[in-house]
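Comments concern the structure below.
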Amino acid sequence: MWRTLLASALLLVCGWSAATWLTDGFQVWTDEGARRLEVALEPVAAPRVVAQGPEVGELPLPQLLARHGGVTIVDFIYTRCLTVCRTLGGSFQQLQDALQADARAGKPSGVRLLSISFDGAHDDPAALKIYAQGLKAEPELWRFVRVPDAAQQQALLRRLGVVVVPDGRGDFEHNAALLVFDARGRMVRIFDLAEQQLALDYARHLARQGVHKDLL
């Protein structure tokens, strides 16, 4: 009996130790959670791919993210998507409403929105403009771009951990998240779609920090 109890105790200790090591002290239970922790600890610089879109022209992505010296919340979409991209669009509409309310209150947040299409072959600037108009996007707050070069597009997706899988019917399966970039063009946090308010609050805080540093 004592041997059985001792063996059970050892298994529990080993299991606890293994779980702690594998999850970084129980902070991570999934690959996605691990990615978010890694980004929070070590921000990821956006690669110098060329972004193209209405109201933007063509710019290296880091330069686009650094415009106006603010913070940018980014999502990845494609205009033909009828599922999760609609949810992302609705979420960004709500974020835009909140940013407009900040401006009306005389407290512009310094936060911008950027939707990047990963269907670069289809979503040219004209298609993106129509899509943006359908969502009533205000260009000063919410921009839409694609990465027209296919190799650069894949490099961007890999760098940022965005998973896009063709479904064989002309559409895509993809993960959805809100990515927060600082004024230096670095991805500093990743939030679930359900954490929309948390993403906005963090982006506002980060933008205020940047303003305070500029004043010092």
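The values are calculated or read from the model by the stated rules, or taken from the named source; none is laboratory data. Nothing here was measured: the structure is a model prediction, and the numbers come from that model. Note that we place each Cβ from the backbone using ideal geometry, even for glycine, and neighbour counts take in every protein chain shown.
Residue check: Ala105 meets all listed conditions (1) surrounded by 18 or more Cβ atoms within 10 Å (Cβ to Cβ); (2) without any contact (Cβ under 8 Å) to a residue 12 or more places away in the chain; (3) among the hydrophobic types (A, V, I, L, M, F, W, C) but one, namely (1). Regarding the range 179-200, can at least one residue be identified that is under 20 Å from the mean Cα position of the chain (by Cα), crowded, with 18+ Cβ neighbours inside 10 Å and farther than 25 Å from Gln94 by Cα? Checked the range 179-200: no residue is under 20 Å from the mean Cα position of the chain (by Cα), crowded, with 18+ Cβ neighbours inside 10 Å and farther than 25 Å from Gln94 by Cα.
In this structure, is Leu178 under 21 Å from Gln63 (Cα atoms) and either in the same structural domain as Ala66 (by TED's automatic domain parsing) or without any contact (Cβ under 8 Å) to a residue 40 or more places away in the chain (or both)?
So Leu178 fits the description; yes.
Annotation note: of Pro108, Pro60, the sole residue that is at pLDDT 95 or above and assigned by TED's automatic domain parsing to the domain that holds Gln197 is Pro60.
Select from the range 83-92 the residues that are in contact (Cβ under 8 Å) with a residue 24 or more places away in the chain and more than 17 Å from Val145 (Cβ to Cβ) and write down the one among them that is surrounded by the most Cβ atoms within 10 Å (Cβ to Cβ). Per the stated criteria, the residue is Ser91. Among the residues that make up the range 4-21, is at least one of them in contact with a helix residue (DSSP H, G or I) (Cβ under 8 Å, 6 or more places away or on another chain), at pLDDT below 80 and loosely packed, with under 12 Cβ neighbours inside 10 Å? So far as the range 4-21 goes, no, none of its residues is in contact with a helix residue (DSSP H, G or I) (Cβ under 8 Å, 6 or more places away or on another chain), at pLDDT below 80 and loosely packed, with under 12 Cβ neighbours inside 10 Å.
Residue-wise test of (1) of a type in the set (Phe, Trp, Tyr); (2) on the phi > 0 side of the Ramachandran plot.
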| residue | (1), (2) |
| --- | --- |
| Pro43 | no, no |
| Val49 | no, no |
| Gln63 | no, no |
| Gly69 | no, yes |
| Tyr78 | yes, no |
| Ser91 | no, no |
| Gln94 | no, no |
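For Lys129, the conditions (1) under 22 Å from Leu206 (Cβ atoms); (2) buried (at least 16 other Cβ atoms within 10 Å of the Cβ) are fulfilled apart from (1).
Of all residues in the range 150-178, those being surrounded by 14 or more Cβ atoms within 10 Å (Cβ to Cβ), touching a strand residue (DSSP E or B) at 6+ places or on another chain (Cβ under 7 Å) and not hydrophobic (A, V, I, L, M, F, W, C) number 3.
Yes/no per residue for (1) modelled with pLDDT under 95; (2) among the aliphatic types (A, V, I, L, M); (3) under 13 Å from Leu113 (Cα atoms):
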residue: Ala137; (1), (2), (3): no, yes, yes
residue: Ala155; (1), (2), (3): no, yes, no
residue: Gly170; (1), (2), (3): yes, no, no
residue: Gln209; (1), (2), (3): yes, no, no
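Only residues that are among the basic types (Lys, Arg) and touching a Leu at 6+ places or on another chain (Cβ under 8 Å) were counted across the range 112-146, and they come to 3.
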